[in-house]
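Student: I'd like to ask some things about the structure below.
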């Protein structure tokens, strides 16, 4: 982790995430807005006093809505990353450690799910059930653990022939112990990388679903819904409905990608010079 | 006339995140046509970086600074524009790199890779370049070079790849050849062949050669003059004979003394060099060796000694010694087996009978051709008495590591049994097997991969106790401290992570972990081959001491015959999955019966110039045949100078050559005892 | 190599079977949903039962699966509820158009990303590397639809340079005849892929540059430009080829978005419209086709890999 702290890119990413999280979670305490009542008389006001970033088509204050939307986006991203990481890590570690037929079967299952583009599966699912925040978390998790599992499996395959794993077997260590005490901690880097990328990807995928009209149902707010709603009125000149949510959405995704990429690079360096 | 190559005040700095590494510091030497200069020292002493500096191929952040000068035939190379330097590189000065496995581009044919340099420097046609490539590949001893031009590197063995690398370097008949550890990654048998090839080519082409090596035996046999380097500087520079018999620098003296030799008295401790080389980002003032030198005084720690002496012999030392250390004065460690003669035990500790292990060839089940298997072990038996050390030697691929894994139960034999203290390991399953593991421990080769990098050393040493449920938490902690003390590490080491230790220290931690369960047997697979010479001696001494104090049995697997000779009471020589000879250390070294054993011994370079030069031939010709299709009859016959028809038809049985000395050969070098059937021979070897 | 390819093809067949099971399971996840989707939510129970009987939906699941597989093998995916055409016809019309769109953009993306990755690896840690890194991060982090609409806003609405709608022609030739209309959809998909591919190429090339054989090539006196072209390029390409095979689903996902933004009449748009109108036969037929195409894509990538890497090509020669 020392390399992680020294890494400027990771620190910049972490800093950005901290600021955005503060904006979304502490911001509403300092800047109170009504995000429930529709006020068509206040619709599409340009930025000015009272509404620093204007209002949207329902008369909601854009700045306040960005805070509320950010909460859903971040919560969703973290929730998906958490479930994904746990499931993917265990699945991948077991497949990689056991190897042979078990591994082959487990990997074909993953290949099957990966063969169908995630958004296609999502659209099918979403067309059959009415989306809620938690059902979307569930669906996104069902799709994203595949990548994590593949990564962890690859890492475990490389790790399991290392001599310290043999040493643990020589002491009489059980398979479970070896996976949990030696393989998973040593794959931690890869797991963190995949987790941060999953947060970024989930936020993006949610925004794509919103754009396709299959995102979170109202009155939920999220950046993707705000952005796609705003884009409909881009040609009316309501720029404040587009650029602020776009900026914060992209910044957030960049921040998580920066962290993931920096950790990934740090791991590469370690592998080159053991 | 200027010398062929003149290096003056070469100083190379490498800027890294941790600071500037002074990799080469004020190094000067000359090289004449036709001579071989050795650059000798431990890893990190700057010898490779000197070679790369001469080529102008420094890593990113590296630069030659100050008034560094490299002159080839009077022409200054430092500061030359890259364009002009490229004309020198690969044309006038060429380099052979260490690792033949990673030094060839896997996606290009070897013909292409050899011809590439020819095409570049000679401006000839493609056909002419290919002709030249075939010619040099023939010169370096690649069989049927013309047909092999279209081969890819992965189709060749390590030895052949090294030959291709040499061909690449020689393609343009360079005047200076820099060989950077050209044989370190190879087996001794192949090493001898490659070194003989280099010597022959140097003489035939009239090249000058710089041989970079850490191996004092290789230095003794294959150099005319030697620069001993330490911490980026030249410590001593003289003719090879004088270096070995009249060295003046204490570092040279200790380095030579710490190498285990075949003619070493195994009862004596090896002299060691304490400590580690200094950090080159911040080298100490004064003599850089002072911290590890037995003769160091205050003056050494403050004033830096200049290279002095005559042109024939220069050294940088305030208190020069005179010649090698006298034979070790350290008291001999009483060996467990001498105290309790093995013959007294009526039951061996470990007994392996007829072990066979075959692995399917990866992914190549071609319809109609049947299943192809690697014959890793084809019927190996051995016995080990309590307190005994058994050495296993042989070229890589002979099955010694597979045997080691079977003996500790990490893998199971296809047929055959391993019996520990009367229990058949093959019958143990699950929990019972896991419990039984405490008697059998293993010490691994690679100190960087054998310790879990995410656990503290204390956790690593406690883990075996936790798994086996031995003691309370407090007792376990006390045991950790005890183990650390036993292997000579401070108690606070328990709080540190493995990467905070040096390679030698990690190997001690690995040994401590193996000892934690007070096993009866430790299998040590290449325990010191990843370590530097000076550290190697420390670990070997420690292994000997611990054996004596714990009454341990060892099985030591090593490609290094001197290491095995130093540690082992009895030695088994393996060839292509078979045990070809077993005997006491003296039987093997003084009375070898199998031609393979004799050849293997001959190939080991001895750190003595006279002995090395007196050798005729290289020991064993050719390379290990594929274990997928081992030769019929005697498996060694394809490389054996004594092989006759019978060797192909009939598999030789083990015959008895003396008490406990057996070998499997139809035409042995020693007279076998009359009429001993094979079965009796195996039994007698106990 | 034959053994390798046989094994690899076997795996691909297993995955195709898995895709069939998966799509089949999805139809039956919500019982009666197909009938409701077709007949409307207020359909009576009798009408639903009639519909199910007519479509064989009342038979045992195993029997339904067998006939599903049989029909799929014949290319029969049923008839669209909303477009009232055989699904196979709809797919056959649109698949070639996707070939044009995805083929063009992937080719373009590779021809930008590969040199860019190598360039960044060589200049690692310098200003140019940092600038390109930031650019690819921003591109990678932008929602596809936002990026597409931004391009429309700038190039169609503001500058009036390019049409905002993709070519609507029926045939591939017709689509290619209108290159100006093709620019924005192709550029959108290209730039989104460039970001990912160039990152992979960069890290792969950094790994290759650290290899000993690169140093050996330099020691022959080879100019850096030739070292890169002869020894670094091909070796760095190997891992990227695998990634290319794996990225097929991402590319398809991008296509769904881009096609709905630019109204490009491809599979993505077909699928999206089917999803919004709950047109199950179309959804399942196109899912199956896309799944099989993805499997074929990654199989092709592995074949390309084995051709590029002699260690696989000559393994049992």
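The values are calculated or read from the model by the stated rules, or taken from the named source; none is laboratory data. Remember, predicted model here, so these are calculated numbers, not experimental data. Using ideal geometry, Cβ is built from the backbone for each residue, glycine included, and neighbour counts are taken over all protein chains shown.
Student: Looking at segment C:183-300, what helices (runs of 4 or more DSSP H) fall wholly within it and have at least 2 residues that are under 24 Å from residue A:213 (Cα atoms)?
Tutor: Hits in segment C:183-300: C:248-262, C:267-276.
Student: Follow-up question, since we're still on this one. Which condition number does residue B:539 fail, the rest of (1) modelled with pLDDT of 90 or more; (2) part of a helix (DSSP H, G or I) being met?
Tutor: With (1) modelled with pLDDT of 90 or more; (2) part of a helix (DSSP H, G or I) applied to residue B:539, the lone miss is (1).
Student: Residue A:199: at negative phi, surrounded by 18 or more Cβ atoms within 10 Å (Cβ to Cβ), more than 10 Å from every other protein chain (Cβ to nearest Cβ) and at pLDDT 85 or above, yes or no? First the steps, then the outcome.
Tutor: Working: at negative phi: yes; surrounded by 18 or more Cβ atoms within 10 Å (Cβ to Cβ): yes; more than 10 Å from every other protein chain (Cβ to nearest Cβ): yes; at pLDDT 85 or above: yes.
So residue A:199 passes the test.
Student: In addition: Looking at (1) within 7 Å of another protein chain (Cβ to nearest Cβ); (2) within 26 Å of the chain's Cα centre (by Cα), which is the only condition residue A:172 fails?
Tutor: Going through (1) within 7 Å of another protein chain (Cβ to nearest Cβ); (2) within 26 Å of the chain's Cα centre (by Cα) one by one, residue A:172 breaks only (2).
Student: Another question, if that's okay. Please pick out the residue among B:616, B:642 that is in the same structural domain as residue B:375 (by TED's automatic domain parsing), free of Cβ contacts under 8 Å to residues at least 60 places away in the same chain, surrounded by fewer than 19 Cβ atoms within 10 Å (Cβ to Cβ) and within 28 Å of residue B:216 (Cα to Cα). Can you show your working first?
Tutor: Details: B:642 fails: within 28 Å of residue B:216 (Cα to Cα).
Step by step, each of B:616, B:642 is checked, and only B:616 is in the same structural domain as residue B:375 (by TED's automatic domain parsing), free of Cβ contacts under 8 Å to residues at least 60 places away in the same chain, surrounded by fewer than 19 Cβ atoms within 10 Å (Cβ to Cβ) and within 28 Å of residue B:216 (Cα to Cα).
Student: Run down B:83, B:89, B:75 and say which single residue is free of Cβ contacts under 8 Å to residues at least 60 places away in the same chain and closer than 24 Å to residue B:201 by Cα.
Tutor: Checking each option against the conditions leaves just B:89.
Student: Can I ask one more? What number of residues within segment B:464-486 satisfy the criterion of being crowded, with 16+ Cβ neighbours inside 10 Å and free of Cβ contacts under 8 Å to residues at least 60 places away in the same chain?
Tutor: 13
Student: So residue B:108 fits all but one of (1) more than 12 Å from chain C (Cβ to nearest Cβ); (2) part of a loop (DSSP other than H, G, I, E, B); (3) buried (at least 18 other Cβ atoms within 10 Å of the Cβ); what number is the exception?
Tutor: (1)
Student: Tally time: how many residues in segment B:582-601 are surrounded by 18 or more Cβ atoms within 10 Å (Cβ to Cβ) and without any contact (Cβ under 8 Å) to a residue 40 or more places away in the chain?
Tutor: 1
Student: With respect to residue C:238, is the statement that it is surrounded by fewer than 23 Cβ atoms within 10 Å (Cβ to Cβ), within 14 Å of chain B (Cβ to nearest Cβ) and at pLDDT 90 or above true?
Tutor: Spelling it out, it is not the case that residue C:238 is surrounded by fewer than 23 Cβ atoms within 10 Å (Cβ to Cβ), within 14 Å of chain B (Cβ to nearest Cβ) and at pLDDT 90 or above.
Student: Between a residue in segment A:204-215 that is at the interface with chain C (Cβ under 8 Å from one of its Cβ atoms) and any residue that is assigned to a loop (DSSP other than H, G, I, E, B), which pairs come within a Cβ distance under 8 Å, given they are 6 or more apart or on different chains?
Tutor: A:204/C:143; A:207/A:215; A:207/A:222; A:207/C:143; A:208/C:143; A:211/C:143; A:214/A:131
Student: Now for a separate question. Which count do you get for residues in segment C:139-162 that are without any contact (Cβ under 8 Å) to a residue 24 or more places away in the chain, touching a helix residue (DSSP H, G or I) at 6+ places or on another chain (Cβ under 8 Å) and part of a helix (DSSP H, G or I)?
Tutor: 4
Student: Follow-up. Can residue B:460 be described as within 11 Å of chain A (Cβ to nearest Cβ), within 17 Å of residue A:168 (Cβ to Cβ), crowded, with 16+ Cβ neighbours inside 10 Å and touching a helix residue (DSSP H, G or I) at 6+ places or on another chain (Cβ under 7 Å)?
Tutor: yes
Student: Still on this structure: Search segment A:86-132 for residues being away from chain C (no Cβ under 13 Å) and out of contact with any helix residue (DSSP H, G or I) (no Cβ under 6 Å at 6 or more places or on another chain), and hand back the single one that is nearest to residue C:253 (Cα to Cα). Spell out how you get there, then give the answer.
Tutor: Residues of segment A:86-132 away from chain C (no Cβ under 13 Å): A:86-100, A:102, A:132.
Now drop any that are not out of contact with any helix residue (DSSP H, G or I) (no Cβ under 6 Å at 6 or more places or on another chain), which leaves A:86, A:90, A:94, A:98-100, A:102, A:132.
Values: A:86: 25, A:90: 27, A:94: 30, A:98: 33, A:99: 32, A:100: 33, A:102: 31, A:132: 22 Å.
It comes out as A:132.
Student: It is to be established whether one or more residues within segment C:52-64 are surrounded by 14 or more Cβ atoms within 10 Å (Cβ to Cβ), modelled with pLDDT of 80 or more and either assigned to a helix (DSSP H, G or I) or within 14 Å of chain A (Cβ to nearest Cβ) (or both).
Tutor: yes
Student: Do you know which of the residues in segment C:270-289 that are in contact with a helix residue (DSSP H, G or I) (Cβ under 6 Å, 6 or more places away or on another chain) and without any contact (Cβ under 8 Å) to a residue 60 or more places away in the chain is nearest to the other protein chains (Cβ to nearest Cβ)?
Tutor: The residue in question is C:275.
Student: Right, next: Tell me whether segment C:164-180 contains one or more residues that are away from chain A (no Cβ under 14 Å), assigned to a helix (DSSP H, G or I) and either modelled with pLDDT of 85 or more or within 30 Å of residue A:236 (Cβ to Cβ) (or both).
Tutor: Within segment C:164-180, one or more residues are away from chain A (no Cβ under 14 Å), assigned to a helix (DSSP H, G or I) and either modelled with pLDDT of 85 or more or within 30 Å of residue A:236 (Cβ to Cβ) (or both).
Student: Still on this model: Among the residues of segment B:2-17, is any under 24 Å from residue B:607 (Cβ atoms) and crowded, with 17+ Cβ neighbours inside 10 Å?
Tutor: At the first step, the residues of segment B:2-17 found to be under 24 Å from residue B:607 (Cβ atoms) are none.
No, segment B:2-17 contains no residue that is under 24 Å from residue B:607 (Cβ atoms) and crowded, with 17+ Cβ neighbours inside 10 Å.
Student: Oh, and also: In segment B:497-510, is there at least one residue being part of a helix (DSSP H, G or I) and farther than 25 Å from residue B:273 by Cα?
Tutor: No, because not a single residue in segment B:497-510 is part of a helix (DSSP H, G or I) and farther than 25 Å from residue B:273 by Cα.
Student: Tell me the residue from A:70, A:27, A:64 that is surrounded by 15 or more Cβ atoms within 10 Å (Cβ to Cβ), at pLDDT 80 or above and within 27 Å of residue A:139 (Cβ to Cβ), please.
Tutor: Exactly one of A:70, A:27, A:64 is surrounded by 15 or more Cβ atoms within 10 Å (Cβ to Cβ), at pLDDT 80 or above and within 27 Å of residue A:139 (Cβ to Cβ), namely A:70.
Student: Would it be correct to say that residue C:233 is at pLDDT 80 or above and either in contact with a helix residue (DSSP H, G or I) (Cβ under 8 Å, 6 or more places away or on another chain) or within 30 Å of residue B:116 (Cα to Cα) (or both)?
Tutor: For residue C:233, the condition - at pLDDT 80 or above and either in contact with a helix residue (DSSP H, G or I) (Cβ under 8 Å, 6 or more places away or on another chain) or within 30 Å of residue B:116 (Cα to Cα) (or both) - is met.
Student: So which strands (runs of 3 or more DSSP E) are wholly in segment B:208-258 and hold at least 3 residues that are over 18 Å from residue B:315 (Cα atoms) and within 17 Å of the chain's Cα centre (by Cα)?
Tutor: Ranges flagged: B:208-213.
Student: Examine segment C:115-122 for a residue that is within 10 Å of chain A (Cβ to nearest Cβ), without any contact (Cβ under 8 Å) to a residue 40 or more places away in the chain and touching a helix residue (DSSP H, G or I) at 6+ places or on another chain (Cβ under 9 Å), and state whether such a residue exists.
Tutor: Looking through segment C:115-122, none of the residues is within 10 Å of chain A (Cβ to nearest Cβ), without any contact (Cβ under 8 Å) to a residue 40 or more places away in the chain and touching a helix residue (DSSP H, G or I) at 6+ places or on another chain (Cβ under 9 Å).
Student: Just for segment B:627-639: of the residues that are out of contact with any strand residue (DSSP E or B) (no Cβ under 7 Å at 6 or more places or on another chain) and closer than 28 Å to residue B:218 by Cβ, which one is surrounded by the fewest Cβ atoms within 10 Å (Cβ to Cβ)?
Tutor: The extreme case among them is B:638.
Student: Name the residue, out of A:167, A:148, that is buried (at least 24 other Cβ atoms within 10 Å of the Cβ), in contact with a helix residue (DSSP H, G or I) (Cβ under 8 Å, 6 or more places away or on another chain) and within 13 Å of chain B (Cβ to nearest Cβ).
Tutor: A:167
Student: Would you check if residue B:611 is under 21 Å from residue B:659 (Cβ atoms) and not assigned by TED's automatic domain parsing to the domain that holds residue B:224? If you could, list the steps in order and put the result at the bottom.
Tutor: Values: under 21 Å from residue B:659 (Cβ atoms): no; not assigned by TED's automatic domain parsing to the domain that holds residue B:224: yes.
Spelling it out, it is not the case that residue B:611 is under 21 Å from residue B:659 (Cβ atoms) and not assigned by TED's automatic domain parsing to the domain that holds residue B:224.
Student: Then there's this: Quick check on segment C:296-314. Is at least one of its residues at the interface with another protein chain (Cβ under 10 Å from one of its Cβ atoms) and either at positive phi or touching a strand residue (DSSP E or B) at 6+ places or on another chain (Cβ under 8 Å) (or both)?
Tutor: Looking through segment C:296-314, none of the residues is at the interface with another protein chain (Cβ under 10 Å from one of its Cβ atoms) and either at positive phi or touching a strand residue (DSSP E or B) at 6+ places or on another chain (Cβ under 8 Å) (or both).
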